[in-house]
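Taken together, the values in this text are just the output of simple stated rules run on the coordinates, not laboratory data. What you are looking at is a predicted structure, and each value in this text was computed from that prediction instead of being measured. Glycine also receives a Cβ, built like all others from the backbone with ideal geometry; neighbour counts cover every protein chain displayed.
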Amino acid sequence: MPKTVLVTGGAGYIGSHCCKALAEAGCTPVTFDNLSRGHADAVKWGPLVRGDLRDRAAVLAALRAHRAEAVIHFAALAYVGESVTDPQAYYDNNLGGMIGLLGAMQAAGLTQIVFSSSCATYGTPDRLPISEDMPQAPINPYGRTKLVCEWMLRDAGVAWGLRHVALRYFNAAGADPAGEAGERHDPETHLLPLALLAASGKGGPLRIFGTDYPTPDGTCIRDYIHVTDLARAHVQALAYLAEAGESVALNLGTGQGASVREVVAMIERVTGRAVPVLEEPRRPGDPAALYAEIARAGAVLGFRPEFGLERIVADAAPWFGHGDIKAGP
Ligand code: UFG
C-alpha cells in the first residue's frame, strides 16, 4: 500500500468517506480540492490543499510537496440534470481536470490512479444486470465526460505506462456508520436525502418521478450502495495497483435493485415516519432500471458489499432531519 495518496475531491461526499478508510488502512490522504462543491470541514483525515486540477503546476507541486505515491481522482461535477443545461461546465471541469491531473502525474513519475467513474457511462442498457463488457453509450453530458476520462486513462496507459482502476459506481448512498462523514449536496437532488427530509417534515413532499415505468411497481429501480462499502473498494483498488495489477474497469454496486417505492417503504420502516409523496411525470433521462453485475470487483479486488438498504437508510437518517435515529452498528 502507498503511504501517501493524493485524493482529488477529498472534501466531497464519497471522497471524504474514502479519506477515512485510507487513514484507517494506515495511509495519509492528501486532499486536493477547489471547494467548489466540497466542504473544508469534511477534510479530517489528512491535509487539505486548496487548488484546481486544471492548474497542472499546482497539482504537480502538491504531489511533490507531499511525496504522493498514487492518486484517487474523485473531483468532478456530478449532477446529471445540470450537465444537460450547462454541458460546457462539465467538459471544462471534468475533462480539463483530468488533463491537468494526468500531466502532473506524468511529470512526477506517478503511474497508479483509481478513478471515480459511473454507471452513467452505460446509458440505457439493453439487459440487466449490467456487466463491465456491455456497451458504454452514455445518454447525458455527465456520463460522456466520465467515459472520455476512461479513454484518457487507457491512452495514457499505452503512451506512458499509467495503470488505473476505473470504478463505475451505481447509486452511492448512506453515511459513515460512526457519524464522522456524511452527505451534503447543495442543491440536494438525490432520492434518499430528499425522501428522508420529506419524512422529517423539513422538506416538501417527495416527488416520485414516474410511476408508469415497466417495473413491478411502476417506479425506477436503482442499485444503492453504502458509501462506506464504496470507500473500502478504493483502498482495495490501491492495494491492487501497488501489487502490479493491470488496468481494469469495475462495477461497484450491490447487485440488488430497489425501486423508488421500496426505498420509501424502507425509510418509513426505519424512521417510523410517513414519507409524504406526490406522483409526478417521469424525469427526462432516467432509465427504468439499473443494477450491477459485481462478480468482477469480487474476483479482482475481493470486494463484497457489507451493507444493505436498511443500513444505508439508518446511517443517512441523522444527516437529513432524523437526529433521533441511532446510526452505527
Ligand atoms: N427520484 C425521485 N424523486 C426525487 C429524486 C429522485 O423519484 O426527488 C428517483 C429518480 O427518478 C431515480 C431514483 O429516484 O429513479 C434515483 O435518483 P437519484 O437522483 O438519487 O440518482 P440517479 O440514479 O439519477 O443518479 C445517480 C448518480 C449520478 C449517476 C447516475 C447514473 O447520482 O451521479 O446515478 O445513472 F450519474
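Taking label points 7 Å from Cα along the Cα-to-Cβ direction, Asp133 and His185 give a separation of 3.3 nm. Summarising the strand pairing of the chain, around 5 percent of its internal DSSP beta bridges are antiparallel.
Taking amide hydrogens as placed 1.01 Å from N in the peptide plane, the amide H of Ile225 sits under 5 Å from those of Asn171, Ala172, Ala173, each at least 5 positions away in sequence or on another chain. Based on C-alpha pairs under 8 angstrom that are at least 6 apart in sequence, the chain has a relative contact order of 19 percent. Roughly what angle does helix 141-160 make with the longest principal axis of the chain, taking Cα atoms, 0 to 90 degrees, to the nearest 10? Compared with the principal axis, the helix lies near 30 degrees. Judged by the ratio a/c of the largest to the smallest principal axis of the C-alpha gyration tensor, the range 196-247 counts as oblate, that ratio being 1.5 or greater while a/b is no larger than b/c.
Phi angles of the range 279-288 translate, via the Karplus equation with coefficients 6.51, -1.76, 1.60 and θ = phi - 60°, into HN-Hα couplings of 8, 10, x, 4, 8, x, x, 8, x, 4 Hz per residue; Gly and Pro are given as x.
Stretched out straight at 0.36 nm per residue, the stretch from Lys3 to Tyr91 would grow longer than its current Cα-Cα span by 28.5 nm. For the range 177-217, the residues whose backbone nitrogen is under 16 Å from a point 7 Å from the Cα of Arg282, taken along Cα to Cβ, are 208-217. Scanning residues 5 or more positions from Ala292 or on other chains, those with amide H under 5 Å from its amide H are Ile130, Thr254, Gly255, Gln256, with H placed 1.01 Å from N in the peptide plane.
Report note on the peptides 218-226, 193-201: ranked by the mean count of other C-beta atoms within 10 Å, highest first, their order is 218-226, 193-201. Each label was represented as a point 7 Å from its Cα along the Cα-to-Cβ direction; for Arg154 and Ser36 these points are 2.7 nm apart. Ranked by the mean number of other Cβ atoms within 10 Å of their residues, highest first, the peptides 139-147, 176-184 fall in the order 139-147, 176-184. Each Lys and Arg adds +1 at its Cβ and each Asp and Glu adds -1 at its Cβ; summed about the Cα centre, the chain shows a dipole of about 520 debye. Distant-in-sequence amide contacts of Ser118, defined by a placed amide H-H separation under 5 Å and a gap of 5 or more residues or a different chain, comprise Tyr169.
Positive end of the dipole of the chain (Cβ unit charges, origin at the Cα centre): among Thr4, Ile294, Thr254, the Cα lying farthest that way belongs to Thr4. Loop-located GluC sites (Glu not before Pro) in the range 185-253 (DSSP state not H, G, I, E or B) with no more than 11 neighbouring Cβ atoms inside 10 Å: Glu243, Glu246.
Classified by the C-alpha gyration tensor, the range 8-81 has an oblate form. Its axis ratio a/c, with a ≥ b ≥ c, is 1.5 or above, and a/b does not exceed b/c. Rounded, prolate or oblate for the chain? Axes are the square roots of the Cα gyration tensor eigenvalues, ordered a ≥ b ≥ c, and the cut-off for rounded is a/c under 1.5. Because a/c hits 1.5 or more and a/b exceeds b/c, the chain counts as prolate.
Computed from Cα positions, the angle between helix 56-65 and the longest principal axis of the chain comes to roughly 80 degrees. Packing around the peptides 254-261, 318-325, 14-21, taken as the average count of other Cβ atoms within 10 Å per residue, puts them in this order, highest first: 14-21, 254-261, 318-325.
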